[in-house]
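The values are calculated or read from the model by the stated rules, or taken from the named source; none is laboratory data. Just so we're clear, the structure is a prediction, and the values are computed from it rather than from any experiment. Every residue, glycine as well, gets a Cβ built from its backbone with ideal geometry; the counts of neighbours run over all protein chains shown. Ligands, DNA and RNA are stripped out before the accessible areas are found, and what is left, the full protein with its side chains, is counted by its heavy atoms. Shrake-Rupley method; radii C 1.70, N 1.55, O 1.52, S 1.80 Å.
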Amino acid sequence: MLELNFLRTNTERVKEGLKVRNYDEEGLKAVDRAVSLDDSRKDVQTRLDNLLAERNALSKEIGALFKSGKREEAEQKRSRVNEVKEEAAKLEEALREVKIQLAEALYSIPNVPHPSVPAGNTDEDNEVYRDWAGELPVLPEGTQPHWELAKTYNIFDLELGTKITGSGFPLYRGQGARLQRALISFFLDEAVKAGYEEIIPPLLVNEDSARATGQLPDKEGQMYFVEKDNLYLIPTAEVPVTNIYRDEIIDPAQLPVKLTGYTPCFRREAGSYGAHVRGLNRVHQFDKVEIVRYEHPDKSYEALEEMLAHVAGLLDKLELPYRILRLCGGDLGFTAALTFDFEVYSAAQQRWLEVSSVSNFETYQSNRLKLRFKDGKETRLLHTLNGSALALARILAALLENNQTPEGIVIPKVLQSYTGFDRITAQ
RNA sequence: GGAGGAGUGGCAGAGCGGUUGAAUGCACCGGUCUUGAAAACCGGCAUGGGUUUACGCCCAUCGGGGGUUCGAAUCCCUCCUCCUCCGCCA
């Protein structure tokens, strides 16, 4: 959530930001509402504090009176304290109430978009930040989409996944499983080479963690929930990895903190079926390597560039055609200030598939996380960033389609030492 | 899963109903001394909120939540976590 101080001192800027996200006049009111709720909060807080101060002072006096044997005086004060306590109880209730409302108001206000974020409503309005410079591959007649290739080469099986679990849970096998593992290792190795510390986090998280990264209360329906133990299956490694430093004050000498983690990701994706989500295009379980950074506020946009270069480097090495989009206000995630999406071209489907999303959240996440650093005497919020590097299922889809030849599916050179074979052939 | 024990500042560790946001030690940051360093000595050293031009003052926080009391780190309830023993187990 946004910092209250920022909200108070930059009210107009926040509103301008909401307009970029297509909020109407009604939506903008949340900003003023939050500020006025905070005014009430301060007012109640001050009155309560004064009462508590009085109570504390009286209690001390009572203690002293009892010691010196002045019973009666003590009794008098005691009844006064009881009055004070009654009043305080009311104010405490009021404070609790106003805090809940304030939190709700704050949760309803998204991050302020970076000035470079273009206006727009849908993904159609996203800006092509860097287009693919070369020719897009055109496959000859008779080429197959990846779900057909899966059958031809026996590399993954959606029907089996359905049998075992349900739709959207692919089962990889043989050379397909091997290729999947190769991609994970390759991505992790590249991240480690780039200075990221490798993390294997828990795949289930508690409510606090889900709340801290903004999955709750916002995207409740997106996550699988284990009711018996009150745990959520992670929709991305971002959740456990970003929570590592929840509630911490970091020594600035440790900055930047660079972390990477591979995890399966679980997403309910309720109600999404149809042609666009065929095959591996959208599934409930997929593998992803995530990179996460905590940065000094002055350096976070530099870091974002670096992350873009890193992801671009991965796609270059995999020899996949891709483009980079700058998300427009309407498509930008609730918590992000600026997001770039990477899309690879899937030649058989003749469409672009999103394989990475790289974002700067500025202090929006760290405010909820209470993730700070010491800036001299001052304690300040850090900037958090993250990006997929990379999401597996769709990469695999594009790879299979683009690299199909009459002699099998060609494995990119960088992966061959990981897979142990240079092409996938019919088994 | 069963039985017992414990959770206090960055760490270790006192306190077990009153002026204790918390002794002491270590770590850390200043200073004195020293050619320099170490040692010694002196000082500082939690987070959040309110208020103030400022110095400061006030409130909350001793695993989380609730309760008893004029007053709770200290007593009670509850949840969580950790340790020991038993059971189960990749």
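So, in Å, what gap is there between the alpha-carbon centers of segment A:51-128 and segment A:325-355?
43
Quick one: accessible surface of A:Tyr322, probe radius 1.4 Å, all protein chains present, in square angstrom to the nearest 10.
10
Compute the normalised compactness of segment A:190-262: alpha-carbon radius of gyration over 2.2 N^0.38 Å, N being the residue count.
Cα-based Rg divided by the globular estimate yields 1.22.
Can you pull the one-decimal nm distance between simple spin-label points at A:Val35 and A:Leu216, each 7 Å off the Cα toward Cβ?
3.2
For chain A, what does the relative contact order come out to in percent, with C-alpha contacts under 8 Å and a separation of six or more?
Over chain A, the number comes to 19 percent.
So if I take the alpha carbon set of chain A, get Rg, then get Rh from the Kirkwood formula, what is the Rg over Rh ratio?
In chain A, Rg relative to Rh is 1.11.
Assuming 0.36 nm per residue, please report the length gained on full extension of the stretch A:Arg351 to A:Gln101 beyond their Cα-Cα distance.
Net length gain for the segment: 85.6 nm.
With r defined as the distance between the Cβ atoms of A:Glu135 and A:Ala309 and R0 fixed at 30 Å, what FRET efficiency is calculated, to the nearest 0.05?
0.80
I'd like the FRET efficiency for A:Leu160 and A:Thr122, computed as 1/(1 + (r/R0)^6) with the beta carbon distance as r and R0 of 35 Å, rounded to 0.05.
0.50
When the scattering of segment A:4-107 is computed by the Debye formula from its Cα atoms alone, each counted once and equally, what is log10 I(q)/I(0) at q = 0.13, 0.14, 0.23 Å⁻¹?
-0.62, -0.66, -1.10
Give, as a single signed number, the net charge of other residues whose beta carbon lies under 12 Å from the beta carbon of A:Asn121, with Lys and Arg counted +1 and Asp and Glu -1.
After counting each charged neighbour, the total is -3.
How much accessible area does A:Glu220 have with a 1.4 Å probe, in Å² rounded to the nearest 10?
The value for A:Glu220 is about 90 Å².
Quick one: 3J(HN,Hα) in Hz for segment A:231-238, Karplus 6.51/-1.76/1.60 with θ = phi - 60°, rounded, Gly and Pro as x.
10, 10, 6, 6, x, 6, 5, 3
Run down the lysines and flag those whose C-alpha is under 18 Å from the C-alpha of A:Lys163, throwing out any fewer than 8 positions away in its chain.
A:Lys151
Holding the Cα-Cα limit at 25 Å, pick out from A:Lys299/A:Lys413; A:Lys193/A:Lys317; A:Lys193/A:Lys299; A:Lys99/A:Lys370; A:Lys219/A:Lys374 the pairs that are longer than that.
As for pairs spanning more than 25 Å Cα to Cα, those are A:Lys299/A:Lys413; A:Lys219/A:Lys374.
Would you rank A:Lys70, A:Lys377, A:Lys151, A:Lys163 by solvent-accessible area, highest first, keeping every protein chain in place and using a 1.4 Å probe?
From most exposed to least exposed: A:Lys377, A:Lys163, A:Lys151, A:Lys70.
For A:Lys77, list the aspartates and glutamates whose Cα falls under 13 Å from its own Cα; do not include residues on the same chain fewer than 8 positions away.
Leaving aside aspartates and glutamates fewer than 8 places away in the same chain, those within reach of A:Lys77 are A:Glu54, A:Glu61.
Report the calculated FRET efficiency for A:Glu198 and A:Lys42 (r = Cβ-Cβ distance, R0 = 41 Å), to the nearest 0.05.
That pair, A:Glu198 with A:Lys42, gives E of 0.35.
Give me the tail of P(r) for segment A:238-366 as a percent: Cα-Cα pairs with distance above 22 Å.
More than 22 Å apart: 45 percent of the Cα pairs in segment A:238-366.
With both partners inside chain A, how many of the DSSP beta bridges are antiparallel, as a percent to the nearest 5?
Beta bridges within chain A, antiparallel portion: roughly 90 percent.
Taking the Cβ of A:Ile249 as the centre, find all other residues whose Cβ is under 15 Å away and add up their charges (Lys, Arg: +1; Asp, Glu: -1).
Charge balance in the 15 Å sphere: +1.
Rounded to whole Å and sorted largest first, what semi-axes of the equivalent ellipsoid does the C-alpha gyration tensor of segment A:318-427 yield via the square root of 5 times each eigenvalue?
Those come to 39, 17, 9 Å.
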